[in-house]
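These notes are about the structure you will find just below.
All of the numbers you see were taken from the coordinates with simple rules; none came from a lab. These numbers were taken from a predicted model, which means no experiment stands behind them. As a convention, Cβ positions derive from the backbone with ideal geometry for all residues, glycine included, and neighbour counts pool all protein chains shown.
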Amino acid sequence: MKSSSRFSIHARNFRILNLLCVLYVVFFPILARAATPPDAPAVIVIQNATILTVSHGTIEHGSILIKDGKIAEVGQSVKAPKDAQVIDAAGQFVIPGIIDCHSHIAAESINEGSVSVSSMVNMAEILNPEDIDIYRDLAGGVTAANILHGSANAIGGQTLVIKLRWGQPAAKLPFEGALPGIKFALGENPKRSNFSIPGQPKRYPATRMGVEETIRGAFSEARDYKKAWDDHNKRSAAGEKNLIPPRRDLRLEPLVEVLEGKRYVHSHCYREDEILMLLRVAKEFGFKVRTFQHVLEGYKVADELAAAGVGASTFSDWWAYKVEAYDAIPYNAALMTRRGVIVSINSDDAEEATHLNQEAAKSMKYGGLSHDEALKMVTLNPAMQLGIDKRAGTIDVGKDADLAIYNRDPLSGYAVVQKTLIDGRVYFDRQRDIAERADREKEKKALIDKFKKAAEKKAEEKKPDTAGPSGQKPTEKKPEEKKPEVKKPEEKPKPPQSDGTDSATIGVMPGGAL
Amino acid sequence: MKSTGLIFRIALVVSALCALSAIAFGQAQPSTTYALTHAKIFTLVGNTIEDGTVVLHDGKIAAVGATVEVPAGAQVIDAKGLQVYPGIFDSITQMGLREIGAVSATVDSTETGNYNPDVVAATAVSASSEHIPVTRAAGITEVLAVPGSGGFDSGGSSNMIGGQASAIHLAGWAIDEMLIKKSAAMALHWPEIETQTFDFATFSRKEKPYSEAKQEYDKQVNELTDWLERARHYAQVMEKGSPAKYDRDLKLEALVPVVRGELPVLVFADRSREIRNAVEFCDKQKLRMILAGGEEAYKVKDLLRSKGIPVILRPMLTLPPDEDDPYDRLLLQPAELAAAGVTFAIASFDNSFARRLGQNAANAVAHGLPYEEALKAVTIYPARIFGLDDQIGTIEQGKLANLIVTNGDPLELTTDVKYLFIRGQLTSMDNRHLRLYEKYSKRPKPQ
């Protein structure tokens, strides 16, 4: 990620660059944005594939019949109707679409970091269906993602699960029926350990003690608020007239939903003490933590996590980017699994999400999980954690046809996604993408040429009036440059930094989920 | 490619037991002679030996081949079913210079000021960094520690000249034992023409007109030119006069090998414009350039090949620089550079992600890079680029015995390194992560 733009346009073409910026705003959809998504044929059959069902083993030379976006049949002897569109997957591997339990793609912004409880804000309201990272992750086999608020606050914003339906409008992205969530965060980020903005006073909380009290305080209020409404509703139901309802509180409403089990808590955390702290607070107020996110010291308290029935969603092998990540180990996922915790491997990062299959494979090396257990880390387990396992996470009849097709066993560094399907539609096709590249380049070049010409013409027209005695032209007013917002998920230690800086740099960058 | 039967495993364990017991934390006695027998040996020079022996003696590879005799008294490790490779060389890291990214007290990677040619990475490499054993366990036997690559501690900026990069073995009680080459390259961060920057003082994004950005860029390049000019004058004075006759300038003195073309400059640049500018500059200044980063090296591959400039590529598992680039833009590049005849290595540019080096190379293979080229890009090519190929990078008689014994392809995610030798010594693969894993695996169920 950059703190600076890196235009590759030469000096003399700078005015053209300005025009290009306008051009990009106007024409970008043609260049890189999604084409209208392909209509889903009513019936598709994927044939000759090695099918890793996740729920019931591997089927060699198997077929999957898809009808109206759902999996209709799976097996070695599937009879496809004559009108079915055939996808020949000979020599290829089909797995359930990858589910990323911690993502910040498709979001215009992710951190309302000004307050310690920002439960009033909602990621659902700022979805950006044109975020190119949707397509990039789709090309990595990801079909669904848990779009989280950042970790700047003890209680953060509301969250939702989306499907990566590239090319569809924002309204079509949410995973239908998936329970919404809310982001909590513990440790260094909500206490702002690594982020101080000059001139700004410290924000409460500044310790892990304060983080606990912030959460307890908010839930005390939420409990009172719920009681006020419950009383009101009871009296109203009893037929009392002329009642004045309690004043609505948009900050407390989502917390009441948590208390009522209608909203999942996804809590960012690192250290064992803060994990146990939130379990105690949850018990005190009678709510459930659905998942601990990152949970890099989860292996230290795996039994407590298992006993509480909380899911753990972690990184494969990130460590040492800050103190609370110094005890992180790549064995975390395997150790927690062995102690009975449902574990998923997540990305927290648009690039990491493009190879979650590989990240899952590492739990075989570190801790000796089986092939099946490893694959579950990015399919069935995150589906269970997000409460969408009735519709996703395995290849079973009746489930959504959300599938990723690889050229070889996906638990390998050599596997490449060939196709990604959501609801039975091919949203990503590697061959199609490659085939379209030349045309896209041509189109881009044609547009650039057109605007170069326009710029030259404009310059010529201007010449007589603008060339003063000194021969200097007045400086043109520079149009707004369209720069994609630099988005910073979490503390985000991205492995491959593109500016040669270290991974921790990300943590201090602007605009992100600090 | 899991190991074969139980008997084999027992034999393996017994044969290595006494050796292993001696290497709990550091290295075994240097005098030990080892023979790895019945191994499949990927020498990376010529053909792979299907069933061969490697003899390690006195820190070096004493013999390698299909019909090599085991010397008397040698510690024999039966490597049947296993494979031997040169140790992996991660040729851009901040190993030992940065422990915990967010804690500046543990970070020594970037000195303040823009010109620090006299600072040397090896000076600050902490031999007891936890990163070293963790990285070693991934089969990485040596790294280049590079100063001045920016980061948290430097407020996000990079020096122009960051200092001298040091090539080190990832084993040793103290830095002196770890050194391969104290000064292997001079790190130089090529300036960008930046119209948008982030100001850490005010924590806000700033924009400036191109003309202003270009002026600043020109100023930086002029300043660099000036430093090099002064270093040339200094070199002349050094040649003519005795040290007593002129005032020593340590910074200029450090630049002398650079202007003489003896020490290569490791130029960090990613965009094609910056790369072209840097190539032109180094050409004019007669500097030996190694390009580092090179996200858009593919756009200038003919230039790089014709000038003979090698590239250290950052991880291919990086999103493309532009939104309208193909999604796999960086993954495709190694194959394109190889086809164009550009010499390149792949490096992690990191510490905690150093162990992803093999994964990155494997992904490059998945996108068209020939497998052997990928192996060489993390072994002999970086060794050659930094002039260390007489010592490391292949399994040849006379080279330093830095090698790994694995149960499969070292670039694959699930492969385990079974034995690791650094300078001929069987080296422990114990590390912080393994210790914490073992400790908490044993935690009794809470009451």
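At a 10 angstrom cut-off on C-beta neighbours, averaged per residue, how do the peptides A:443-451, A:172-180 rank from highest to lowest?
Descending mean neighbour count gives A:172-180, A:443-451.
Could you sort A:183-192, B:397-406 so that the peptide with the highest average Cβ count within 10 Å comes first and the rest follow in order? Numbers along the way, then the final one.
Details: A:183-192: 26.7, B:397-406: 23.0.
The densest-packed peptide leads the list: A:183-192, B:397-406.
Convex hull over the alpha-carbon atoms of region B:317-412: what's its volume per residue in Å³?
On the way: hull volume 11.6 nm³, N = 96.
Spelled out: Cα convex hull of region B:317-412, divided by residues, is 121 Å³.
What is the average number of partner chain Cβ atoms found within 10 Å of a Cβ in B:288-298?
1
If Lys and Arg each add +1 and Asp and Glu each add -1, what is the summed charge of the other residues whose beta carbon sits under 11 Å from the beta carbon of B:Gly87?
Details: positive: B:Arg136, B:Lys399, B:Arg423; negative: B:Asp90, B:Glu142.
With Lys, Arg at +1 and Asp, Glu at -1, the neighbours total +1.
Neighbouring Cβ atoms within 10 Å as the yardstick, rank A:Thr420, B:Thr33, B:Thr67 fewest first.
Numbers: A:Thr420 27, B:Thr33 17, B:Thr67 8.
Ranked by crowding around the Cβ, least crowded first: B:Thr67, B:Thr33, A:Thr420.
Could you give the nm distance between label points at B:Glu216 and A:Asp249, where each point is 7 Å from its Cα heading toward the beta carbon?
Here the modelled spin labels are 4.7 nm apart.
For B:Cys282, A:Cys101, what's the fewest-to-most ordering of other Cβ within 10 Å of each Cβ?
B:Cys282, A:Cys101
Per residue of B:325-332, count partner chain C-beta atoms within 10 Å of its C-beta, then hand back the mean as an integer.
Across the residues of B:325-332, the mean count of other-chain Cβ atoms within 10 Å is 5.
How would you classify region B:88-392 from its alpha-carbon gyration tensor, with a ≥ b ≥ c the square roots of the eigenvalues: rounded for a/c under 1.5, else prolate if a/b is greater than b/c, otherwise oblate?
Working: a/c = 1.33, a/b = 1.13, b/c = 1.17.
In terms of gyration-tensor shape, rounded.
Among A:Phe285, A:Phe428, B:Phe349, which comes first, then next, by fewest other beta-carbon atoms within 10 Å?
A:Phe285, A:Phe428, B:Phe349
Excluding B:Val119 itself, what net charge comes from residues whose Cβ is under 11 Å from its Cβ, given Lys and Arg +1 and Asp and Glu -1?
Cβ neighbours under 11 Å give a net charge of -2.
When the scattering of the protein assembly as shown is computed by the Debye formula from its Cα atoms alone, each counted once and equally, what is log10 I(q)/I(0) at q = 0.06, 0.09, 0.11 Å⁻¹?
At q = 0.06, 0.09, 0.11 Å⁻¹ the computed log10 ratios are -0.45, -1.02, -1.48.
Using only Cα atoms and rounding to the nearest 10 degrees, what angle (0 to 90) does helix B:272-285 make with the longest principal axis of chain B?
It works out to around 80 degrees.
Springs between alpha-carbon atoms under 10 Å, Gaussian network over chain B: tell me which of B:Val68, B:Val119, B:Val267 tops the mean-square fluctuations.
Between B:Val68, B:Val119, B:Val267, it is B:Val68 that shows the largest mean-square fluctuation.
Grab the beta carbon distance between A:Asp88 and B:Ala105, set R0 = 60 Å, and tell me the FRET efficiency rounded to 0.05.
0.55
In whole Hz and in residue order, list the ³J(HN,Hα) couplings for region A:153-165 that follow from phi through the Karplus curve 6.51 cos²θ - 1.76 cosθ + 1.60, θ = phi - 60°; x for Gly and Pro.
Listing the rounded values in order: 10, 4, 10, x, x, 6, 10, 8, 9, 10, 9, 7, 7 Hz.
Excluding B:Gln425 itself, calculate the net charge of residues whose Cβ lies under 13 Å from the Cβ of B:Gln425, where each Lys or Arg counts +1 and each Asp or Glu counts -1.
That works out to +1.
Partner chain Cβ atoms within 10 Å, averaged over the residues of A:295-307 - can you pull that number for me?
2
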